[in-house]
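Down below is the structure, laid out as structure tokens.
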Amino acid sequence: MNIALVGGGKKSRFLINLIERHSFIEMNPRVVAVADVRDDAPAVVLAKSKGLIVTKDYRDFLEREDIDLIIEMTGSEEIYREVLKKKKRHVQVIDDSAAQLFWEIGRVTSMHEQTKQELEKTRTMYDAAINAFYQEDVMVIGSRYDILDINGTMLRNLGLKREEVVGRNCYEISHNRDTPCDGMRHPCPLRECLETRQPSQTTHIHRDKDDKKVYYSISCYPIFENGEVVGGVEISKDITKDINFQKGLIRQQKLASIGHLAAGVAHEINNPLTTILTTAML
């Protein structure tokens with residue numbers, strides 16, 4: 001279906017782009033001509049760049065055999081009546097009000113596509129961000145302690161698949177508990193986020209896939225929606241090596257202290273013994 005537009009305004013330009021972008025199932029419409037007295041009209045400029053027919057007089061369309069539909073976009077009742085009266089028998093005509101309906105539908109469709117593209121872009125950025133932590137475990141947790149998402153690093157450390165984790169409670173996955181973490185030894189960073197609306201930090205002992213103790217430094221950042229905290233992003237870093245290194249240093253310091261103490265005691269005992277031996281020799 002070949003379409004000619006009477007009027008080269010912004011709506012006509014939008015309609016040209018909309019028809020080109022949209023995939024039709026039962027017809028193949030395409031704009032082939034634009035009429036407007038202005039050379040700088042938006043649709044005229046676009047039509048020229050695409051090699052379409054451009055004319056200043058819409059009456060040129062009335063004699064053409066290769067046009068199937070004429071859309072009057074100026075809103076002029078006089079032009080519409082003239083086109084309707086003088087058009088060829090096979091040509092259909094749509095006035096400005098009907099074209100406005102298509103324009104509105106196209107605009108909504110375009111907005112929907114744009115929103116969808118933005119959502120896909122945001123999702124791509126989100127996936128890149130959550131998986132950018134190669135050495136940290138990342139969980140997105142809801143206010144009811146349900147896991148909304150998890151990165152690949154943590155899945156590998158747990159030896160689980162995403163479908164085995166998403167939807168379950170965080171304390172169930174990381175601590176094999178039936179209730180949320182609490183107490184001085186295992187304070188819940190998410191609970192603190194929900195209560196204070198501020199980031200929180202703590203240290204926990206988790207269990208890996210071999211049921212070995214793993215020390216984690218956990219930072220939790222609140223997620224806001226409409227001004228309310230609806231969950232948090234937990235970033236856990238394995239600090240087991242650091243803890244073991246610190247424990248090793250403490251053991252070495254203890255041994256060094258014991259050595260210093262032994263040397264001091266030996267020195268304190270050796271002094272009077274030396275005096276006694278010397279006196280005995282004399």
- Query: Exactly which GluC sites (Glu not before Pro) in the range 13-76 are in a DSSP loop and have at most 12 other Cβ atoms within 10 Å?
  - Reply: GLU26, GLU65
- Message: Quick check: pseudo-label points 7 Å beyond the Cα along Cα→Cβ at MET281 and ASP68, how many nm apart are they?
- Response: 12.5
- May I ask you to derive the FRET efficiency for ASP146 and ASP40 from their Cβ-Cβ distance with R0 = 45 Å, giving the value to the nearest 0.05? 0.20
- Query: With labels modelled as points extended 7 Å from the Cα through the Cβ direction, what inter-label distance (nm, one decimal) is found for LYS212 paired with ASN244?
  - Reply: 0.6
- Could you work out the per residue convex hull volume over the alpha carbons of the range 146-213, in cubic angstrom? 103
- Query: Given the Cα-Cα distance of LYS48 and LEU155 and 0.36 nm per residue of separation, how much length would full extension add, in nm?
  - Reply: 32.9 nm
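Since every read-out is calculated from the coordinates, none of them should be taken as a lab result. Predicted model, so just to flag it, every value in this text is computed and none were measured. Glycine also receives a Cβ, built like all others from the backbone with ideal geometry; neighbour counts cover every protein chain displayed.
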